[in-house]
Amino acid sequence: MPKKTAVKCPPDAPKDRIAFRDSGIHGMGCFAVCTIRKGMPIIEYVGERITKAEGALRCDANNRFIFVLDDETDVDGDVSWNPARHINHGCAPNAEAEIFGDQIWIMAIRNIAEGEEITFNYGYDLEDHKSHPCRCGAESCVGYMVAMEFFPKLTRKDQVPAAKTPKDSSRRRGALAATLAV
Ligand SMILES: C[S@@+](CC[C@H](N)C(=O)[O-])C[C@H]1O[C@@H](n2cnc3c(N)ncnc32)[C@H](O)[C@@H]1O
Ligand SMILES: [Zn+2]
């Protein structure tokens, strides 16, 4: 887990760059309604701030909207005032989740064309990955919604047991994870 040091200012995103509608990946998705340039903020992921213990309980109860904020706090994004909860996972994403202080922002990591679905990598742990099959449709899809660091393990015929993966406090089974903006 990277150290919290200097933190960039949280971005502010105009609301008219995105729209939410049915997705070919899963349920509802988030789509660009104009070109979104690399580095632009897209939307903040907001929700109820809860303890790690409560976050673990809710993950175990199959809540798929829990985001790991830091070592003390999780964010439960399963609230109506969090449209970012509709953003799907992608194995070749055009966005990423970044933490700015105590805010989670979805940021463009390349230029995104009008009409493209916005996806970010959920950063799921390898543990229990078979419960999270991926249907992102990317040519490079690894078949499961796991963090990119685990891709080589899956593309090598999925032979490495999850138990051999070192534990990382920024990841937990079934919880979304972001990178830290410094
Ligand atoms: C944060 S929610 C996504 C919101 C959802 N699209 C909606 O209708 O609001 C996470 C859940 O969406 C589904 N999902 C997201 N990305 C997916 C993908 N690439 N492949 C399969 N299911 C996905 C999984 O069921 C996952 O647990
Ligand atoms: Zn995929």
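The values are calculated or read from the model by the stated rules, or taken from the named source; none is laboratory data. Here the structure is a predicted model, which means the values were calculated and not measured. Cβ coordinates were reconstructed from backbone atoms using ideal geometry, including for glycine residues, and neighbour counts include every protein chain displayed.
Can you tell me which residue among 58, 49 is surrounded by fewer than 22 Cβ atoms within 10 Å (Cβ to Cβ) and either touching a residue at least 40 places away in the same chain (Cβ under 8 Å) or out of contact with any Asp or Glu (no Cβ under 7 Å at 6 or more places or on another chain) (or both)?
49
With the condition kept exactly as written, say whether any residue in region 125-132 is within 13 Å of the chain's Cα centre (by Cα), more than 11 Å from ligand 1 (Cβ to nearest atom) and under 16 Å from residue 39 (Cβ atoms).
Within region 125-132, none of the residues are within 13 Å of the chain's Cα centre (by Cα), more than 11 Å from ligand 1 (Cβ to nearest atom) and under 16 Å from residue 39 (Cβ atoms).
Restricting to strands (runs of 3 or more DSSP E) lying wholly in region 4-98: which have 3 or more residues that are under 17 Å from the mean Cα position of the chain (by Cα)?
Working: elements: 18-22, 28-32, 41-45, 48-51, 66-68, 73-76.
Because the criterion is at least 3 residues that are under 17 Å from the mean Cα position of the chain (by Cα), the strands (runs of 3 or more DSSP E) in region 4-98 that meet it are 28-32, 41-45, 66-68, 73-76.
Looking only at region 109-144, count how many residues are more than 9 Å from ligand 2 (Cβ to nearest atom), among the hydroxyl-bearing types (Ser, Thr, Tyr) and closer than 19 Å to residue 178 by Cα.
The qualifying residues number 2.
Which number in (1) touching a residue at least 60 places away in the same chain (Cβ under 8 Å); (2) surrounded by 11 or more Cβ atoms within 10 Å (Cβ to Cβ); (3) farther than 26 Å from residue 173 by Cβ; (4) within 14 Å of ligand 1 (Cβ to nearest atom) marks the one condition that residue 24 misses?
Every listed condition holds for residue 24 apart from (2).
Run down 106, 36, 50, 42 and say which single residue is of a type outside the set (Asp, Glu) and closer than 15 Å to residue 177 by Cβ.
On the way: 36 fails: closer than 15 Å to residue 177 by Cβ; 50 fails: closer than 15 Å to residue 177 by Cβ; 42 fails: closer than 15 Å to residue 177 by Cβ.
Checking each option against the conditions leaves just 106.
Kindly list the number of the only condition in (1) modelled with pLDDT under 95; (2) farther than 12 Å from residue 45 by Cβ; (3) among the hydrophobic types (A, V, I, L, M, F, W, C); (4) within 16 Å of ligand 1 (Cβ to nearest atom) that fails for residue 177.
Every condition holds for residue 177 apart from (2).
Taking the stated definitions as given, is residue 29 surrounded by fewer than 17 Cβ atoms within 10 Å (Cβ to Cβ) and in contact (Cβ under 8 Å) with a residue 40 or more places away in the chain? If you could, list the steps in order and put the result at the bottom.
Numbers: surrounded by fewer than 17 Cβ atoms within 10 Å (Cβ to Cβ): no; in contact (Cβ under 8 Å) with a residue 40 or more places away in the chain: yes.
No: the conditions fail for residue 29.
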